[in-house]
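Engineer: Handing you this structure, nothing more for now.
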């Protein structure tokens, strides 16, 4: 008979012993985007005006994820619930990203409008509703298999709902024309923790081990641009093994279920309690790098 093994408890214990890494992570160097993982479409749209409107920024932050691994007949799943994504805290991170982008575009010599400048024009727009489980909005259409993303905008009023087919910037095209502006909306997906797997086989058994690590990674990002008639975007693909921060919180194993002979195999449940300073530093590293690339695109196209 074959069996499956989950090695998460040892990993969680190791991570707890390395909690001091969070202090180092807060002082980490600038996050470098991989240019081979970046594509642009209709980048000239970013230069359709010298006035830029940033109505919102969306941070999609992994609130819960499940990683399932199969090696021959051995199966294991690690389920992780992220704790500490309070609404005010998450919205503060989105506002920091918005303010950083606005400041950098202004420093490049352009005019910037933000939500406060146009909120009367946006009063009739639909807003996303909070998911009671997370206290922040979620959108099934924006999810990734196995990951629930909580969505943080700088404020409740800036959590504009949007069509998946049209994207988060299309609805601002009329306002862009009226203001003779290019609307910029960044959308950044961040995933945590990292789960690594390793399988092995023997004459009478197969096993698979999952190692859970409290790392933060760039999962995906878009920067959308919309002028009165044109649209463009910057697409930043998953950065693979490039970690944003090695340690953004404390892992704890809270349960384990063993289903011998069942297709689901062994399942381990964990919580990741965020270290606010370390997580904030990691998010800022990513958003600042994306903002720098956005501003460079704007300048190159003018």
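The values are calculated or read from the model by the stated rules, or taken from the named source; none is laboratory data. This structure is a prediction, so every number in the text was calculated from the model and none was measured. In this analysis, Cβ positions are derived from the backbone assuming ideal geometry, glycine residues included, and neighbour counts consider all displayed protein chains.
Engineer: Take residue 164 and tell me if it is assigned to a loop (DSSP other than H, G, I, E, B) and out of contact with any strand residue (DSSP E or B) (no Cβ under 7 Å at 6 or more places or on another chain).
Structural biologist: Criteria met by residue 164.
Engineer: Do we find a residue being touching a helix residue (DSSP H, G or I) at 6+ places or on another chain (Cβ under 8 Å), crowded, with 24+ Cβ neighbours inside 10 Å, at pLDDT below 90 and under 17 Å from residue 64 (Cα atoms) anywhere in region 211-229?
Structural biologist: Yes, region 211-229 has at least one match.
Engineer: Still on this model: How about region 250-294: which of its residues are surrounded by fewer than 22 Cβ atoms within 10 Å (Cβ to Cβ) and modelled with pLDDT of 95 or more?
Structural biologist: Across region 250-294, the qualifying residues are 273, 276, 277, 280, 281, 284, 285, 288, 289, 292, 293, 294.
Engineer: Before we move on, is residue 232 more than 20 Å from the chain's Cα centre (by Cα), outside any loop (DSSP other than H, G, I, E, B), modelled with pLDDT of 95 or more and surrounded by 15 or more Cβ atoms within 10 Å (Cβ to Cβ)?
Structural biologist: The answer is yes for residue 232.
Engineer: Look through 109, 167 and report the one residue that is at positive phi and at pLDDT below 95. So that I can check it myself, show each step before the final result.
Structural biologist: Numbers: 109 fails: at pLDDT below 95.
The unique qualifying residue is 167.
Engineer: On to the next question. With the condition kept exactly as written, say whether any residue in region 70-81 is in a loop (DSSP other than H, G, I, E, B), surrounded by fewer than 19 Cβ atoms within 10 Å (Cβ to Cβ) and modelled with pLDDT of 95 or more.
Structural biologist: No - not one qualifying residue is present in region 70-81.
Engineer: Filtering region 118-155 down to residues that are assigned to a helix (DSSP H, G or I) and free of Cβ contacts under 8 Å to residues at least 60 places away in the same chain, which residue is nearest to residue 66 (Cα to Cα)?
Structural biologist: Here the answer is 140.
Engineer: Residue under question is residue 291, and the condition is that it be touching a residue at least 40 places away in the same chain (Cβ under 8 Å), in a loop (DSSP other than H, G, I, E, B) and within 27 Å of residue 99 (Cα to Cα); does it hold?
Structural biologist: no
Engineer: Also: Which is at pLDDT 75 or above and within 19 Å of residue 297 (Cβ to Cβ), of 67, 45?
Structural biologist: Details: 67 fails: within 19 Å of residue 297 (Cβ to Cβ).
Selected residue: 45, the only one of 67, 45 that is at pLDDT 75 or above and within 19 Å of residue 297 (Cβ to Cβ).
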